[in-house]
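Trainee: Structure in structure tokens, see below.
Each reported figure results from applying straightforward, stated rules to the coordinates on display, with no laboratory input. Remember, predicted model here, so these are calculated numbers, not experimental data. Cβ placement follows ideal geometry from the backbone for every residue including glycine, while neighbour counts extend to all protein chains displayed.
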Amino acid sequence: MRIGIPAESRAAEARVAGTPETVKKLVALNQTVLVQRGAGAGAFIPDDAYAHAGATLVNAGEVFDADMILKVRTPTTDELGHMKRGTVLVGMLDPYDADQVARIRAAGLPAFALELMPRTTRAQSMDVLSSQANIAGYKAVLLAASLYPRFMPTLMTAAGTVKAARVLILGAGVAGLQAIATAKRLGAVIEASDVRPAVKEQIESLGAKFLDVPFETDEEREAAKGSGGYARAMPASWLARQAALVHERAKQADIVITTALIPGRSAPTLIPAQTVAAMKPGSVLVDLAAGRGPDIDGRRGGNCPLTQADAVITCHGVRIAGHTNLPAMVATDASALYARNVLDFVKLILGSEGQLSIDTSDDIVAATLLGHDSSLQKTA
């Protein structure tokens with residue numbers, strides 16, 4: 001079977017879905033791997049490295065003439081037009097965007113959206129959201145440090161003592177926990193909040209203080225358990241109490257990093273405009289939900305409605321960073337981790353002789369297959 005790895009064409013996307021490491025392993029599985037020339041340029045992977053790993057270097061037109069296409073981002077309309085019907089598509093395909101899913105299905109592509117990977121032990125090595133969120137949390141802190149006009153750690157100098165920055169992290173999933181760990185390494189004083197009480201121990205083990213908002217009803221306790229490893233929307237009563245606490249802590253913070261996302265829904269508002277107005281001049285907000293918040297007058301913010309996607313703005317003296325693709329800013333490692341996730345998934349849909357074998361009785365295969373229904377049975 002021929003597997004194509006094209007260069008990503010979306011703006012500011014520097015990652016690539018295959019690396020020389022994973023190409024070599026695919027070739028060992030009896031696959032012919034086609035890599036578009038320059039596909040790894042954004043991640044500083046030269047074409048020669050792919051060729052040495054056993055790939056065949058091709059141009060943009062030829063790479064889509066394959067039996068399987070490995071992508072980082074969902075294909076553009078032009079890319080879909082170059083794919084033949086029946087080509088298997090694997091990547092992060094925006095499965096909650098109904099229009100994009102419809103375009104993929106209309107193109108006749110059996111497609112696997114890796115964002116739908118179940119949060120199970122068996123699926124951990126294929127969990128692209130976790131691998132990329134880990135990088136986003138790390139980069140968010142470095143970005144905040146670069147925008148913050150003071151030092152992060154406590155410094156004792158001949159000219160006096162500089163106090164450590166106070167960092168507030170909202171959301172303690174993979175990105176939030178990595179942000180805590182990174183901020184701690186830089187010497188900050190950290191507070192963190194999450195709807196799930198189970199993460200309190202993880203937060204505190206990393207050296208941060210957990211901001212506890214007690215639950216008052218059974219509805220609040222049930223929602224806090226999450227679903228499938230992901231956070232769920234919380235009742236309005238709990239959100240109101242959390243908002244009051246966050247408002248007070250944000251007023252004292254030097255850096256706020258928000259990471260709250262709910263699959264298939266708009267990102268919740270955690271830092272409203274009035275909280276930004278109350279924050280200290282020179283403080284920084286890094287919004288990892290930029291571009292995925294509620295629609296306000298045709299523009300989508302993030303966990304803060306003032307956030308502008310792919311921009312850094314200053315509002316009320318607060319710098320608000322709305323980068324929508326932080327992993328692409330760490331493209332070499334992000335590509336390496338993502339490519340390993342993809343490789344482990346591809347192994348699931350290959351038979352013992354390297355042939356395509358889509359088994360929809362497998363929970364991981366079924367969960368990620370877009371539009372999975374009885375019309376697509378096991379293919380050998």
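Trainee: Efficiency by 1/(1 + (r/R0)^6): what FRET value for Asp48 and Phe151, r their Cβ-Cβ distance, R0 = 51 Å, to the nearest 0.05?
Mentor: Efficiency, rounded to the nearest 0.05: 0.75.
Trainee: Cα-Cα pairs above 36 Å in the chain: how many percent?
Mentor: 29
Trainee: Would you calculate the separation in nanometres between label points at Thr332 and Ala106, each defined as 7 Å from the Cα along the Cα-to-beta-carbon direction?
Mentor: 4.2
Trainee: Now for a separate question. Could you work out the relative contact order of the chain? I mean the mean sequence separation of Cα pairs under 8 Å and 6+ apart, divided by the number of residues, in percent.
Mentor: Reported relative contact order: 16 percent.
Trainee: For region 148-324, treating each Cα as an identical point scatterer without solvent, what Debye log10 I(q)/I(0) comes out at q = 0.12 1/Å?
Mentor: Evaluating at q = 0.12 Å⁻¹ gives log10 I(q)/I(0) of -0.53.
Trainee: Ranked highest first by the average count of other Cβ atoms within 10 Å around their residues, in what order do 63-76, 297-310 fall?
Mentor: Ranking, from highest mean packing down: 63-76, 297-310.
Trainee: Would you please name the trypsin sites (Lys or Arg not before Pro) within region 238-298 that are DSSP coil residues with at most 12 other C-beta atoms within 10 Å of their C-beta?
Mentor: Taking region 238-298 and a limit of 12 other Cβ atoms within 10 Å, the loop trypsin sites (Lys or Arg not before Pro) found are Arg265.
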